[in-house]
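Taking it in order: structure first as structure tokens, then the write-up.
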Amino acid sequence: MTVLRRQHRAACGLAALLALPTPALAGTFSISPLRVDFAGPAKTAALTVRNEDATAVVVQAEGLSWSQDGAGDALASSRDLLVSPAVFTLQPGGQQLVRVALRRAPDPDRELAYRLIVQEVPQAAAPQFTGLHVALRLSVPVFVAPAHPVPRPAALTWTAQQVANGTLAVVARNDGPAHERIHRFTVRSGDGSRIVAEQSSLAYVLPGTSRRWTFDDDEITRIDATSAPLAGIAGPYRLEGTTDRGAFATELNFAQD
């Protein structure tokens with residue numbers, strides 16, 4: 001079982017928390033599996049949440065609809081998923097089986113996407129504790145296969161643009177019926193000899209949506225010590241990456257903003 005360590009995903013961000021001089025109350029708990037797939041007649045799934053900490057923790061679980069608007073993920077309240085129990089207490093070393101039930105029919109032609117949010121309910125700190133309590137919030141992807149799946153996978157098309165101040169924008173659009181999970185990608189010069197930009201974080205592109213990455217001057221690999229990003233390479237560009245379906249490569253043509 002993979003143990004996910006306590007992270008803070010509120011507006012202040014993890015980096016800001018790490019910069020604070022005050023101590024932070026932290027621990028661990030884990031969840032397995034790390035994604036849920038509904039396909040065919042299956043309408044229920046189960047996950048196990050285990051407390052890896054030495055103190056009891058109160059946990060809340062909620063199912064939310066998941067969409068993308070190009071700039072990033074968007075979550076919204078939904079009654080499509082029934083989660084039970086919705087609130088529970090985990091004793092030290094204890095575990096809880098959480099059941100997720102699908103309350104709607106699958107879409108005929110396109111995969112549906114949700115997120116199961118499992119988060120700690122903060123409790124009152126001990127009187128002698130003067131630091132910061134950091135609540136853990138885990139997000140598990142939930143996918144519902146279409147009622148009439150067709151034998152064609154996600155269909156990604158890639159475009160890119162050099163925008164203001166040399167910033168590079170790369171967009172992946174998915175016109176297929178199912179999501180695509182991108183492990184990493186690299187933008188290279190057309191002959192493949194020079195790396196222009198790299199993206200190494202896991203990312204999903206949901207069906208019928210697009211996802212956009214931007215790379216500023218600090219993130220773009222400079223061609224040499226004196227050139228500006230992208231200077232000296234007129235294109236075309238080559239994008240190489242890896243998804244759940246394996247490695248891929250495609251040509252990119254850049255347009256000026």
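The values are calculated or read from the model by the stated rules, or taken from the named source; none is laboratory data. As the structure is a prediction and not an experimental result, all values here were calculated from the model. Heads up, the Cβs are rebuilt from the backbone with ideal geometry, glycines too, and the neighbour counts pull from every protein chain shown. Surface areas here come from the heavy atoms of the whole protein model, side chains and all, with no ligands, DNA or RNA. Shrake-Rupley method; radii C 1.70, N 1.55, O 1.52, S 1.80 Å.
Observations, loosely collected:
A quick yes/no check of all residues on (1) within 18 Å of GLY176 (Cα to Cα); (2) at pLDDT below 80; (3) out of contact with any Asp or Glu (no Cβ under 9 Å at 6 or more places or on another chain):
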{"position": "VAL205", "(1), (2), (3)": "yes, no, no"}
{"position": "GLY208", "(1), (2), (3)": "yes, no, no"}
{"position": "THR214", "(1), (2), (3)": "no, no, yes"}
{"position": "GLU219", "(1), (2), (3)": "no, yes, no"}
{"position": "ILE223", "(1), (2), (3)": "no, yes, yes"}
{"position": "TYR237", "(1), (2), (3)": "no, no, no"}
{"position": "THR242", "(1), (2), (3)": "yes, no, yes"}
{"position": "PHE248", "(1), (2), (3)": "yes, no, no"}
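- Residues being within 16 Å of ALA113 (Cβ to Cβ) and acidic (Asp, Glu) are represented in region 55-63 by at least one member.
- Cβ-Cβ under 9 Å pairs, at least 6 apart or on other chains, region 185-200 side closer than 21 Å to ARG211 by Cα and small (Gly, Ala, Ser), far side surrounded by fewer than 18 Cβ atoms within 10 Å (Cβ to Cβ) and at pLDDT below 80: ALA197/GLU219; ALA197/THR221
- Entirely in region 1-69, the strands (runs of 3 or more DSSP E) that have 3 or more residues that are under 30 Å from ASN174 (Cβ atoms) and at pLDDT 50 or above: 36-38, 44-51, 57-68
- Test: residue in region 34-46 that is open to solvent by less than 60 Å² (accessible area, probe 1.4 Å) and among the polar types (S, T, N, Q): no
- Count of residues meeting criterion [under 24 Å from THR48 (Cβ atoms), surrounded by 14 or more Cβ atoms within 10 Å (Cβ to Cβ) and out of contact with any Asp or Glu (no Cβ under 8 Å at 6 or more places or on another chain)] in region 90-114: 8
- Residue that is farthest from the chain's Cα centre (by Cα), among those in region 52-78 that are hydrophobic (A, V, I, L, M, F, W, C) and open to solvent by 60 Å² or more (accessible area, probe 1.4 Å): ALA54
- From the list VAL171, VAL187, VAL144, VAL140, the one residue that fits, being open to solvent by less than 50 Å² (accessible area, probe 1.4 Å) and over 28 Å from ASP107 (Cβ atoms), is VAL187.
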